[in-house]
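First the structure, in the form of structure tokens, and then the observations on it.
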Amino acid sequence: MDVLGDRWTLLLIRELLLGPKRFKDLQARLPAMGANRLSERLAMLVENGVCCPTTHAAPAYELTALGEELRQPVIALGLWGLRLPVDERIDPASARAELVALCLTAVSDPAAAAGMQEVIEFQVGAETFHMQIDDGQVRAHSGPATEPPGLQLQCDLATFMALALRQITPSAAIREGRASLLLGNQRRLTQVFKVLSHQL
């Protein structure tokens, strides 16, 4: 089988772009994949040097430098998919804001983010994830921020999508009660979304 031989492999790589994951976390995010297929794809990616086992708090898998080279192509596919009509067969409850955040990293404005250091934690419905802006580079990560965030925003998925697609401004979302800024100020939040949704 080719390293990128099927959609399951691409979905698995996409999950690892959001940071190291334990086997059970990958299972939870890709329930239709099944444990046997997941084990096979992980073994293939390890064998080909795309990811490797690692031990943080618990044994997990993370992308290698070779795997990181797939970041832009995989995210580009996600951005392409965002522009397609919604497939009615997909359960809306399975939509995940952190995958939208991953796509935003590819359309961010490096010039506007130059010199910026910011950690933003999002609580979107039941999801918690964070984004890090580090002098022009923007990354999205699963789970709570590993360092104290400067901004913390709470909203539902529809509002996060509207913010990402620039259909509503952060200040309007807060004013209308669609979002709550738990930490930080609106000026910084507005600046962050100008960086994140630059090309959308």
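May I ask you to derive the relative contact order of the chain, considering only C-alpha pairs under 8 Å and at least 6 residues apart, and to give it as an integer percent? Intermediate results must be reported in sequence, preceding the final value.
Details: 295 pairs, mean separation 31.9, N = 200.
Value for the chain: 16 percent.
Tell me, what % of the accessible area of region 116-200 is carbon and sulfur with a 1.4 angstrom probe? It would help to have the intermediate numbers written out before the result.
On the way: 1910 of 4120 Å².
Ligands and nucleic acids excluded, carbon and sulfur give 46 percent.
Going by average Cβ neighbours within 10 Å, how do the peptides 172-182, 98-108, 30-40, 146-156 rank, with the highest at the top?
98-108, 146-156, 172-182, 30-40
So, R0 is 35 Å and r is the distance between the beta-carbons of R178 and A43; what FRET efficiency does that work out to, to 0.05?
About 0.20, to the nearest 0.05.
Just grab the label-to-label distance for L165 and K24, each label 7 Å out from Cα along the Cβ direction, in nm (one decimal).
3.6 nm
State, to one decimal in nm, how far the label point of Q72 lies from the label point of A32, with both points 7 Å from Cα in the Cβ direction.
It is 3.0 nm.
Would you indicate which of (1) 17.1, 52; (2) 17.5, 62; (3) 22.8, 82 is the value of Rg and Dmax of the Cα atoms in Å derived from the coordinates of this structure?
Answer by label: (1).
Assuming 0.36 nm per residue, please report the length gained on full extension of the stretch K194 to A114 beyond their Cα-Cα distance.
Result: 27.5 nm gained on full extension.
Hey, any idea what % of region 1-79's accessible area is carbon plus sulfur with a 1.4 Å probe?
55 percent
Assuming R0 = 25 Å, what is the FRET efficiency of T64 and W8, from their Cβ-Cβ distance, to the nearest 0.05?
Using R0 = 25 Å, I get an efficiency of 0.85.
Solvent-accessible area per residue for the chain at a 1.4 Å probe radius, Å²?
52 Å²
The values are calculated or read from the model by the stated rules, or taken from the named source; none is laboratory data. Quantities reported herein were computed from a predicted structural model and do not represent experimental measurements. In this analysis, Cβ positions are derived from the backbone assuming ideal geometry, glycine residues included, and neighbour counts consider all displayed protein chains. Only protein heavy atoms, including side chains, enter the accessible area calculation; ligands, DNA and RNA are left aside. Shrake-Rupley method; radii C 1.70, N 1.55, O 1.52, S 1.80 Å.
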